[in-house]
Amino acid sequence: MIKRTLILSSLLTVSFFTDANLLSAQSQQRSSWQPFFQRIVSRTPVPRKRGGGRGDWEVISPGIWRKQLWTLQPSLIWRTSKQLPDRVEILQAGSRTPLWSRTIQSGGTLSIAVKLEPSKTYLVRFLKRNADLQKDEIVTAWEFQTLSIVQRQKVTADLDRINKKLKPLDQLQRRIEVFAKHELWSDAFQEIERSSLSPTERQTAIDQLLTQLKALESSQRRS
């Protein structure tokens, strides 16, 4: 009986320290994002935020914190707690036919399953069903642009110069720094979202970058 008690006590102790160490490591990794984002955001101008949502939902990317976009296969990234529009559409500017249309459900990310073209302007719009009128109404919409081939090559060249021997987290931060250097904040969010970080860590990193951008935007508005 005493032997069993000792074994159980040892297992509980090991489990406690393992869980504590894991939580400590996760906490340290989360806190490491804040000084990183403070540094890269403070040295780059932040444009005024345009549109992006109403009430309980807020779109982060694409085309909110930076109209230009490097990636040709972005995701829709948003933050919400309650109310959502019913559908989102991507159209090429000047066209009435959506290139892509999806129903929005809970969550914070939706892959845009269409490859965009360089040097094009696109319209992203959100629609809500009006039950009384039996039709969809546009809630909000804005344009974003993909970089030209020449512009994309400059960014790609900077990304290719990142040391591939770095640890995944270090590589991710270097890639985010490249996008920050070119003022491509939409792409910085995209890079975090498609990274190998855990869902919780991705959300933490995105939220902390968003916090820094909003803080700098607010200070720029006051100055």
Check: Of the residues that make up the range 31-52, is at least one assigned to a helix (DSSP H, G or I), at pLDDT below 60 and over 30 Å from residue 149 (Cα atoms)?
Finding: yes
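Starting from residues that are among the polar types (S, T, N, Q) and touching a Pro at 6+ places or on another chain (Cβ under 9 Å), keep the ones in the range 169-197 and report whichever is most open to solvent (accessible area, probe 1.4 Å). Break it down stepwise before answering.
From the range 169-197, those among the polar types (S, T, N, Q) are 171, 173, 186, 190, 195-196; that's our starting set.
With the extra rule that they be touching a Pro at 6+ places or on another chain (Cβ under 9 Å), the set shrinks to 186, 190, 195-196.
Working: 186: 0, 190: 4, 195: 24, 196: 109 Å².
Applying the filter and picking the extreme gives 196.
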Notebook entry, point to check: Mind checking which residues of the range 110-125 are in contact with a strand residue (DSSP E or B) (Cβ under 8 Å, 6 or more places away or on another chain) and surrounded by fewer than 18 Cβ atoms within 10 Å (Cβ to Cβ)?
Noted result: 110, 111, 113, 114, 117, 118, 119, 120, 121
Margin query: I'd like the full set of residues that are of a type in the set (Ser, Thr, Tyr) and open to solvent by less than 80 Å² (accessible area, probe 1.4 Å), limited to the range 212-223.
Written below: 218, 219
Note to self: Return the residues of the range 92-111 that are modelled with pLDDT of 90 or more, more than 25 Å from residue 155 (Cα to Cα) and touching a Lys or Arg at 6+ places or on another chain (Cβ under 9 Å); say none if nothing qualifies.
What the structure shows: 98, 101, 102, 103
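Against the definition (at negative phi, hydrophobic (A, V, I, L, M, F, W, C), at pLDDT below 95 and not in a loop (DSSP other than H, G, I, E, B)), how does residue 172 come out, yes or no?
Details: at negative phi: yes; hydrophobic (A, V, I, L, M, F, W, C): yes; at pLDDT below 95: no; not in a loop (DSSP other than H, G, I, E, B): yes.
Spelling it out, it is not the case that residue 172 is at negative phi, hydrophobic (A, V, I, L, M, F, W, C), at pLDDT below 95 and not in a loop (DSSP other than H, G, I, E, B).
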Item checked: Enumeration of residues in the range 157-168 that are assigned to a helix (DSSP H, G or I) and open to solvent by 50 Å² or more (accessible area, probe 1.4 Å) -> 160, 168
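Residue under question is residue 203, and the condition is that it be open to solvent by less than 40 Å² (accessible area, probe 1.4 Å), within 17 Å of residue 32 (Cα to Cα) and at pLDDT below 95; does it hold?
Values: open to solvent by less than 40 Å² (accessible area, probe 1.4 Å): no; within 17 Å of residue 32 (Cα to Cα): yes; at pLDDT below 95: yes.
No: the conditions fail for residue 203.
To keep it simple, each residue is scored yes or no on (1) of a type outside the set (A, V, I, L, M); (2) closer than 17 Å to residue 74 by Cα; (3) in contact with a strand residue (DSSP E or B) (Cβ under 9 Å, 6 or more places away or on another chain).
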| residue | (1), (2), (3) |
| --- | --- |
| 154 | yes, no, no |
| 167 | yes, no, no |
| 173 | yes, no, no |
| 176 | no, yes, no |
| 183 | yes, yes, yes |
| 188 | no, yes, yes |
| 197 | no, no, no |
| 200 | yes, no, no |
| 207 | yes, no, yes |
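Show me the strands (runs of 3 or more DSSP E) entirely contained within the range 53-156 in which 2 or more residues are in contact with a Leu (Cβ under 8 Å, 6 or more places away or on another chain). Spell out how you get there, then give the answer.
Values: elements: 57-61, 75-80, 87-92, 100-103, 109-111, 121-130, 135-146.
Hits in the range 53-156: 57-61, 75-80, 87-92, 109-111, 121-130, 135-146.
The values are calculated or read from the model by the stated rules, or taken from the named source; none is laboratory data. Nothing here was measured: the structure is a model prediction, and the numbers come from that model. Note that each Cβ is placed from the backbone with ideal geometry, even for glycine, and that neighbours are counted across all protein chains shown. Side chains are part of the model used for accessible areas, which takes the heavy atoms of the whole protein and leaves out ligands, DNA and RNA. Shrake-Rupley method; radii C 1.70, N 1.55, O 1.52, S 1.80 Å.
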